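Take a look at the structure set out below.
The values are calculated or read from the model by the stated rules, or taken from the named source; none is laboratory data. Note that the structure is a prediction, hence the values are computed from the model and not measured. Here Cβ is always computed from backbone atoms with ideal geometry, including for glycine, and neighbour counts include all displayed protein chains. Each accessible area value is taken on the protein alone, full model and side chains, heavy atoms only, with ligands, DNA and RNA left out. Shrake-Rupley method; radii C 1.70, N 1.55, O 1.52, S 1.80 Å.
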Amino acid sequence: MITDTFFYSYFRSLRVVDKEVTLVDKDLLKFLKLEELVLSANRIKEVDATNLPPTLKVLELYGNEISSMECLCARPPAGLQHLGLGHNKLLGPLESLYVTADHWPNLVSLDLGFNDLTDLQSMVASLRTLRHLRLLVLQGNPLALVPCYRGLTIDSLAQLCVLDDITVSPNEKHLFRGLSLNGDLLAQEAQFVVTIGNLRGVLDTSVLDPEPGPEGPFIAYSYYVTYDFVRDEEGEADEDTGELAEIVKPSPSLELLVEESPEEVGEDVIKDIVGGVTEEVEGSLESEAEESGESELSVISGPSTILQTPRASAEELAKLRLRIDPRLCPSPGTVLFSTTHKPWAEVIPCSYEMQHSLRDLVPLKAFLLAGTTVTIVEEKILSWPVVLPAVDSPLSAKRGKGEKDKKGKEKDRKGQGEKEPAKQWKVPKKKKEPPKELRQDPPILQVLGRGLVILEPLLAGEPLVSTVCNFGMVRTLTSDRLTLARDSKKIKKVAKKEKPKAVNPIYESDYHPEPLTVEVQIQLNQCRSAAEALRMFAV
């Protein structure tokens, strides 16, 4: 009873989801009354619009491999009301040419979310021609990361009711009124603010070290937090304005230590390390020669953690044996940023804030999908007193001769019966000891904790990612007791007028150490009104 004619004329909706479909052929035209076609989660790269039934009102092609809408514009269904092309590979400024009323005169709903569209102004200019458009999804595209994205889209498309699944309110339309008139003057760049707050639960390693003798070593510890962020290939202004002053790039060079290892690193690795330093870090490369004449790498610790390496040829550098912690390497296409080095405390306030302005939006989207890696680093520097050779001064010789002459004259006076003049007692002056000059070894870096911060919510429309990275327990009962003993000694030295604070002993049953944590916040700047947008870009 079910003939081909009945079969093809009966169905109005056809869903073929996740079936490895790669081709839409002309047999689809046999469905005479087909109104809804869903071909999501397949492997379709192109769709020949001439093979689509003219009766279609809904076409969904989510999660395929379509790189351009041009193939759909050959002869699209004139009555199509909803087009879903989210999570494809649409890329390039020309895609805005294919979303006009010439191709989709009756389109009411359009979903282009999570592609690689970057030109916001061209896109809204084309969408303005779609008079029936009421629902639009563009979030997940790089163009949705610019601060004025929502305001410019709402003001340009007056008939729009829902943008990115959020209803467009009359108040929003009022706040962004007139913004589209200045759209050409608004910078197409994304702006992020990274804030790193308090660092807690750090192990006080200094209490485990013995007291230094007169010959050293004198050990200094500092702690800092690093994170990687995408490098802006298009925007060179960041380096000019000094926003990258805190870069620790390439971070592997921070772990360069001379060690007795038979393995040697090739010239290509050395060139990459040194080349990365000269390109990314505004630091100076200096050479220090030891008494034995051997070269040694050293790092000066500071807010920027800038590496100093010898100005030597690749052949000389290749002779150095390097130790690199891969956990301190930034991801490909990113650079490493660092907070200021701080001494140990129960709560270490990083007080770090950095603004990132990025014009190259496609790599930025890939970075947000991957997330950023936050690392807590302990830096240990050993310092040794430099012994200076004694030099005989001619002034001291003259002074000694003069004192001998004085003593001779005094003896002559005594022999002749002369009275010795009364001695004038003087308060002996303390000789000022010259400050000891210290020689620093290369820093020894230890990764205390490392974890991934997920940034995908920023791509999905959330303005803020705020988290406390928890790396677990690193402190021990023994180390905390040693820290407590050291602090109690300091309290005993408090002036008698001040009341010393009581120090409670640590018992094993009540011991609950604080985990190693750091507060991280990444905010995507978004304009909340037309006036704020014009102020932000100084129009």
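In table form, for the structure just shown:
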quantity	calculated
Percentage of interatomic Cα-Cα distances in region 33-76 larger than 16 Å	35
Links that overshoot a 24 Å alpha carbon limit, given the list LYS30/LYS89; LYS89/LYS365; LYS57/LYS173; LYS19/LYS365; LYS173/LYS365; LYS342/LYS365	LYS30/LYS89; LYS57/LYS173; LYS19/LYS365; LYS173/LYS365; LYS342/LYS365
Estimated inter-spin distance, THR129 and LEU438, nm [label 7 Å along Cα→Cβ]	7.1
Three principal axis lengths of region 5-47 [C-alpha, angstrom, descending]	30, 17, 14
FRET efficiency for LEU32 and MET1, using Cβ-Cβ distance with R0 set to 25 Å, rounded to 0.05	0.85
Sulfur and carbon atoms: percent of accessible area, region 26-135 [1.4 Å]	53
Pairwise label distance in nanometres, LEU181 with ASP25, each label 7 Å out on the Cα-Cβ vector	5.8
Local electrostatic count, VAL16, Cβ distance below 13 Å [Lys/Arg +1, Asp/Glu -1]	-3
Modelled FRET efficiency - R0 22 Å, LEU482 with VAL447, Cβ distances, 0.05 increments	0.45
Highest to lowest packing among 221-232, 472-483, 353-364, 43-54, scored as the average C-beta count within 10 Å	221-232, 353-364, 43-54, 472-483
Residues whose placed amide H lies under 5 Å from that of TYR352, excluding near-sequence neighbours	ILE196
Accessible solvent surface per residue of region 23-154, calculated while the other protein chains remain in place, 1.4 angstrom probe, Å²	38
